[in-house]
Structure formats: structure tokens, C-alpha cells
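Here is the structure we will look at, set down as C-alpha cells.
The values are calculated or read from the model by the stated rules, or taken from the named source; none is laboratory data. Note that this is a predicted model, so its numbers are computed, not measured. Ideal geometry is used to build each Cβ from the backbone, glycine not excepted, and the neighbour counts take in all protein chains shown.
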Amino acid sequence: MRIDSKGMATIIPIADLRKAPRPKARGDLDALLDAAADDETARASPVGDTLGRPLRDLRISVTDRCNFRCVYCMPKDVFDANFAFLPHAEILSFEEIARVARIFVERGVQKIRLTGGEPLLRRNVERLVEMLAKLGDVDLTLTTNGALLAKKARSLAAAGLKRVTVSLDSLDDATFRAMNDVDFPVAKVLEGIDAAAAAGLAPIKINMVVKRGTNDSSVVPMARHFRGTGHIVRFIEYMDVGATNGWRMDDVVPAAEVVRAIDAELPLENADRNYGGEVAQRWKYRDGSGEIGVIASVTQAFCRDCTRARLSTDGKLYTCLFATAGHDLRALLRGGFADAQIGNAIAAVWKVRVDRYSEIRSANTVRLPKVEMSYIGG
Ligand code: SAM
Ligand code: SF4
Ligand code: SF4
């Protein structure tokens, strides 16, 4: 603490970046610092990007670690015992996450999803849920592989979580064990889904990534199993996220093919979107027994309506799942900046956003360096 000439006490932040000398060409951080320094009192207001897309959703990766090694996300040969996961000091604390989430909400975010890696591996994640649930009128949800859900569903609901999405790639035990690559059984995930339903975390969404030749024969059984339960299965096209999963277009099962296969056995009809920017196309069973969704991120890109920002485990802001670089909000959070200044920096990043990767995907873009989904948040 310093006492100034008028006898007023001033707290000096541990690393005060506001007054730090700025060498030329520090790149993105420098631009962020300039934007943050702009106007400490700027009124928080919603912000649109270069294509007029508002900032509505925030996905927060609370850990880059996972207890699964899904072949399409964290292949074992890359994410092995030698893989350098983030050290504790680099990851945002719950207080930092809650603070930055509040700032995002002030800038227009209406929906927050906790993800990862596997979010339920983050110790006491319920405490974070409790902090975020106090943000007010925000749709708070979480995506999990379900392994720890039976144990945690009640405490998550008690902490204020509203809904949950559970990933499950097959009901066939051998197929599922091979896809998660840690020999995890289907039955345990189903227990987690039941516990979530009992805890009121509904409607539950169930994410299935469809990979040709691996689990495409599980599509119709999956639809049939969850029809009539109130849970909504969402079939996701396998994407070229990250740089480690060896993605090939031939492995993608187009959403239209998934719909045709289900419709042939369990007749479907198109349903309206719930809201603009919804990633899944909705289909209802004609007999009224529920609905499914398909996420056609590869064959029918929906960048036009993409309102999602992602916050990596170490506090970098990414404006696209396929971005190659993030913007270091942690430097601002730990650098003594006021909330309004951090809000300005977020707005400045969003305002110049041009991302539309899925619309311009090509053989060349697939080879671009990209961050891993487990780190940036799925
Ligand atoms: N571990 C949690 C889980 O699996 O639900 C949350 C993180 S995970 C990265 C979030 C979602 O991304 C999961 O539903 C997962 O299936 C999906 N995902 C991961 N890799 C993918 C890929 N290559 N293509 C499409 N979806 C993918
Ligand atoms: Fe883990 Fe989820 Fe990625 Fe599977 S999809 S490896 S469960 S982060
Ligand atoms: Fe949004 Fe990027 Fe995905 Fe397009 S590719 S929908 S911009 S995250």
C-alpha cells in the first residue's frame, strides 16, 4: 500500500500492467491493453462483430484435463503421460472466472456453458457453479462425459446448475469403450444421466459425435433408446478441431444421412429453431414421442449465426473454435484493470471478429495450426 500526498491509501496491484512500459510490437496483448485503457467508465453495452453477430454465448473451459481419451478429441498417443497440461498457477481461479463472466454478461452474454476437458474433474466445481448462478438471468449449463455425474448431479443442481449436456457416443459397450479409449462402460454414463434427470437438470441433451466406420451403426439404436424419455439426443458431425485427431472428410457422416437413417425407422418432421444462433437443427418424432437434433458443423456450416466466445482454461478469449490464437484476458484480470476496462477489451476483440472457419473450410484450412478443443472448451 502507498500513501499519497493527501494521505489517501492506494492499493498497488501485484503486477500493474496499466503503467507497465510497452515495448513496440507486443502484438495482441498491446492492443488489448490499449483497448482496456481507453475509457475506464465506458458504459457496458452489447456488442456486434463485423458480420453483425452479437456476443451471446460464453463457453468456459475450466480444465484442460480429462479422464477420457476420446479418439476424436484427445488421442492417447498425443495426450499421454508426457503431455504438458497447464500448471495450476496458469489456470484461472473461480474468482477470476466469475469476475470475467460477469463482465461478459454486462456485454450481452446470456448463456454460459462450463466445459473443458472434463469440467467435473475441476475440484469443487460446484463452488464455481454457485458463483455463476448468482449472475442473474443467465442460462447456465455444463457439458460432461458423465463419468462423475452420478456422484455430482445433486450437488450441481443444488449449486444452481440448470441443465446438463452429457456426451455418449454409443450404447454398444465395446464401441463406447473403444471410442473413449479408457475402457469406460456405457452403464456408468447411463447412471449419470439418470441421476441428472432425478436432480432436475432437464431437459438433458445427449451429444453423440458420429464417426464413419466407428459408431455410425449406433445412430438408430441411440435415437430409439432415448425416444420418449424427454432427453434430446444431438448427433454431431465429426469436426477437424485441433491438430491431433487425424481428421479426414471421409470420416464425417453428414447430418442429412443421420436424419434419413432415423426417419426410415422412426418417422421425423422438421421443427422450428428455439432461438436464433441455435447450433442444432431440430427434428420431432411424428408420433409425438420427443425430438432429436443434428449439428451439421461440417456439411451445413452455421457461422452466419455464431454468437459464441470461448474462454480457455488459462484465460484467453477465442472468438472461434478453429482460432489459432487467443486474447490474453488473464493478463488484464491479474494486471490491475477495472471491470469496465476489461469489458472494453472484450468489446474491442469482438468488434473486429471476422471468423467463419466452417464456411471456408477446405483441404488447406484443415492443415492450419489450431488449438485443441479440450483446452479452448468444446
Ligand atoms: N468432456 C466433456 C464432454 O465430453 O462432454 C466436455 C468437453 S468436450 C470437448 C465437448 C463436446 O465436444 C463433446 O460433446 C464432444 O463429443 C465434442 N467433441 C470433441 N471433439 C469433437 C470433434 N472432433 N468433432 C465434433 N465434436 C467433438
Ligand atoms: Fe474428454 Fe470430452 Fe474430449 Fe472426450 S470429448 S476426450 S470426454 S474432453
Ligand atoms: Fe462459430 Fe467458428 Fe464454428 Fe463458424 S467455425 S460456427 S465462427 S466457432
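Filtering segment 285-317 to residues that are away from ligand 2 (no atom under 16 Å from the Cβ), not aliphatic (A, V, I, L, M) and not in a loop (DSSP other than H, G, I, E, B) leaves TYR285, GLU291, GLY293, CYS303, ARG304, ASP305, ARG308, LYS316. Scanning segment 239-259 for residues that are modelled with pLDDT under 95 and not acidic (Asp, Glu) gives MET239, VAL241, GLY242, ALA243, THR244, ASN245, GLY246, TRP247, ARG248, MET249. All conditions in (1) touching a Gly at 6+ places or on another chain (Cβ under 7 Å); (2) within 19 Å of VAL233 (Cβ to Cβ) hold for ALA150, with the sole exception of (2). Against the conditions (1) surrounded by fewer than 16 Cβ atoms within 10 Å (Cβ to Cβ); (2) modelled with pLDDT of 95 or more; (3) in contact with a Pro (Cβ under 7 Å, 6 or more places away or on another chain), ALA338 satisfies every one except (3).
Criterion applied to ARG65, ARG122, ARG69 was being away from ligand 3 (no atom under 16 Å from the Cβ), more than 27 Å from VAL354 (Cβ to Cβ), modelled with pLDDT of 95 or more and in contact with a Lys or Arg (Cβ under 6 Å, 6 or more places away or on another chain), and the one residue passing it is ARG69. Just one of the listed residues (VAL186, VAL259, VAL252) is buried (at least 17 other Cβ atoms within 10 Å of the Cβ), within 17 Å of GLN300 (Cα to Cα) and more than 22 Å from the chain's Cα centre (by Cα), namely VAL259. Cβ separations smaller than 6 Å between residues 6+ apart or across chains give the following pairs from segment 361-378 residues that are outside any helix (DSSP H, G or I) to residues that are modelled with pLDDT of 75 or more and within 11 Å of ligand 3 (Cβ to nearest atom): LYS370/PHE322; GLY377/ARG59; GLY377/ARG310.
Across segment 296-335, the qualifying residues are those that are within 28 Å of THR229 (Cβ to Cβ) and buried (at least 21 other Cβ atoms within 10 Å of the Cβ), and the one among them that is nearest to ligand 1 (Cβ to nearest atom) is SER297.
Selection of segment 136-165 for residues being among the small types (Gly, Ala, Ser) and within 10 Å of ligand 1 (Cβ to nearest atom) yields GLY146, ALA147. Considering segment 83-96 alone, what residues qualify as being within 16 Å of ligand 1 (Cβ to nearest atom) and either without any contact (Cβ under 8 Å) to a residue 60 or more places away in the chain or surrounded by 18 or more Cβ atoms within 10 Å (Cβ to Cβ) (or both)? The answer is PHE83, PHE85, ILE91. Pairs meeting the criteria (first residue in segment 107-135 and away from ligand 1 (no atom under 16 Å from the Cβ), second residue part of a strand (DSSP E or B) and small (Gly, Ala, Ser), beta carbons under 8 Å, at least 6 apart or on different chains) are VAL109/ALA309. For segment 93-121, enumerate the residues that are within 18 Å of ALA196 (Cα to Cα) and part of a loop (DSSP other than H, G, I, E, B). Residue satisfying the conditions is GLU118 alone. Tell me yes or no: at least one residue of segment 203-223 is in contact with a Lys or Arg (Cβ under 8 Å, 6 or more places away or on another chain), surrounded by fewer than 18 Cβ atoms within 10 Å (Cβ to Cβ) and more than 18 Å from TYR72 (Cα to Cα). Yes, that holds for at least one residue. Pairs please, first residue from segment 289-308 and small (Gly, Ala, Ser), second anywhere and near ligand 3 (Cβ under 8 Å from one of its atoms), Cβ atoms under 6 Å, 6+ apart in sequence or on different chains. If the second residue must be near ligand 3 (Cβ under 8 Å from one of its atoms), the pairs left are SER297/SER358; ALA301/SER358; ALA301/GLU359. Here ASP80 meets each of (1) surrounded by fewer than 18 Cβ atoms within 10 Å (Cβ to Cβ); (2) assigned to a strand (DSSP E or B) with one exception, condition (2). Looking only at segment 330-375, which residues are polar (S, T, N, Q) and under 19 Å from ASP314 (Cα atoms)? Result: SER374, single match.
So that you can scan it fast, the table gives a plain yes or no per residue for (1) surrounded by 15 or more Cβ atoms within 10 Å (Cβ to Cβ); (2) basic (Lys, Arg); (3) away from ligand 2 (no atom under 16 Å from the Cβ); (4) on the phi < 0 side of the Ramachandran plot:
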{"residue": "TRP283", "(1), (2), (3), (4)": "yes, no, yes, yes"}
{"residue": "ASN344", "(1), (2), (3), (4)": "yes, no, yes, yes"}
{"residue": "VAL354", "(1), (2), (3), (4)": "no, no, yes, yes"}
{"residue": "VAL366", "(1), (2), (3), (4)": "no, no, yes, yes"}
{"residue": "ILE376", "(1), (2), (3), (4)": "yes, no, no, yes"}
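Out of curiosity, is ASP173 at pLDDT below 95 and either surrounded by fewer than 17 Cβ atoms within 10 Å (Cβ to Cβ) or more than 16 Å from the chain's Cα centre (by Cα) (or both)?
On the way: at pLDDT below 95: no; either surrounded by fewer than 17 Cβ atoms within 10 Å (Cβ to Cβ) or more than 16 Å from the chain's Cα centre (by Cα) (or both): yes.
Taking the combined requirement at face value, the residue does not satisfy it.
Condition check: surrounded by fewer than 23 Cβ atoms within 10 Å (Cβ to Cβ), under 18 Å from the mean Cα position of the chain (by Cα) and away from ligand 3 (no atom under 16 Å from the Cβ). Does ALA150 satisfy that? Judged against the criteria, ALA150 is not a match.
Return the residues of segment 326-346 that are assigned to a loop (DSSP other than H, G, I, E, B) and under 23 Å from ARG304 (Cβ atoms); say none if nothing qualifies.
Just the residues of segment 326-346 that are assigned to a loop (DSSP other than H, G, I, E, B), to begin with: 326, 334-338.
Of everything in segment 326-346, just one residue is assigned to a loop (DSSP other than H, G, I, E, B) and under 23 Å from ARG304 (Cβ atoms), namely GLY326.
Filtered by the rule that a residue be within 15 Å of ligand 1 (Cβ to nearest atom) and modelled with pLDDT of 85 or more, segment 358-371 gives a lone residue, SER358.
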